[in-house]
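Notes to accompany the following structure.
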Amino acid sequence: MSSMTNQEKDQEVLKITGALDALGTLREALSQWVGEAQNDLERAALDNVLAHVIAMEIEYERRKGELDGASKA
């Protein structure tokens, strides 16, 4: 990441921020669908997808933190 210019880092942060917004919206919808699931099988499938979305959010937050830290260095 050290080879990125500040402008490239800023652009990447903006992309990640947009992705986090989209993932947050998706997470909210999935959470609602889990609550509305008709049976255990459906609920388990939605829980798995929700867990994946949450894992993606965590990874994007980590990347954003790295970029923010690199911008300040």
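The values are calculated or read from the model by the stated rules, or taken from the named source; none is laboratory data. A quick note: this is a predicted structure, and the numbers were derived from the prediction, not measured. Note: ideal-geometry Cβ built from the backbone for every residue, glycine included; neighbour counts use all protein chains shown. Side chains are part of the model used for accessible areas, which takes the heavy atoms of the whole protein and leaves out ligands, DNA and RNA. Shrake-Rupley method; radii C 1.70, N 1.55, O 1.52, S 1.80 Å.
Please compute the per residue accessible area over the chain with all protein chains in place, 1.4 Å probe, rounded to a whole number of Å².
70 Å²
For the residue pair TRP33 and LEU14, what label-to-label distance in nm results when each label sits 7 Å from Cα along the Cα-to-beta-carbon direction?
3.1 nm
Express in Å², to the nearest 10, the accessible area of LYS15 obtained by rolling a 1.4 Å probe over the protein heavy atoms while all chains stay in place.
Approximately 140 Å² of LYS15 is accessible to the 1.4 Å probe.
Given axes a ≥ b ≥ c from the Cα gyration tensor, I'd like to know whether the chain is rounded (a/c under 1.5), prolate (a/b larger than b/c) or oblate. Could the numbers behind the result be given before it?
Numbers: a/c = 4.91, a/b = 3.32, b/c = 1.48.
Since a/c reaches 1.5 and a/b is larger than b/c, the shape of the chain is classed as prolate.
From Cα pairs below 8 angstrom and at least 6 apart in sequence, can you work out the relative contact order of the chain, rounded to a whole percent? If you can, show how the numbers build up before the last one.
On the way: 35 pairs, mean separation 34.9, N = 73.
Reported as a whole number, the value is 48 percent.
Pop out the carbon and sulfur fraction of the accessible area of the chain as a percent, whole number, probe 1.4 Å.
Working: 2800 of 5140 Å².
Accessible surface attributable to carbon and sulfur in the chain totals 55 percent.
For the chain, take the longest principal axis of its alpha carbons; what is the angle in degrees between that and the long axis of helix 40-72, to the nearest 10 within 0 to 90?
10 degrees
Just how large is the dipole of the chain about the Cα centre, in debye to the nearest 20, putting +1 at every Lys and Arg Cβ and -1 at every Asp and Glu Cβ?
260 debye
Of the options GLY69, LEU50, LEU26, report the single residue whose Cα projects farthest towards the positive end of the charge dipole of the chain (beta-carbon charges: Lys, Arg +1; Asp, Glu -1).
GLY69
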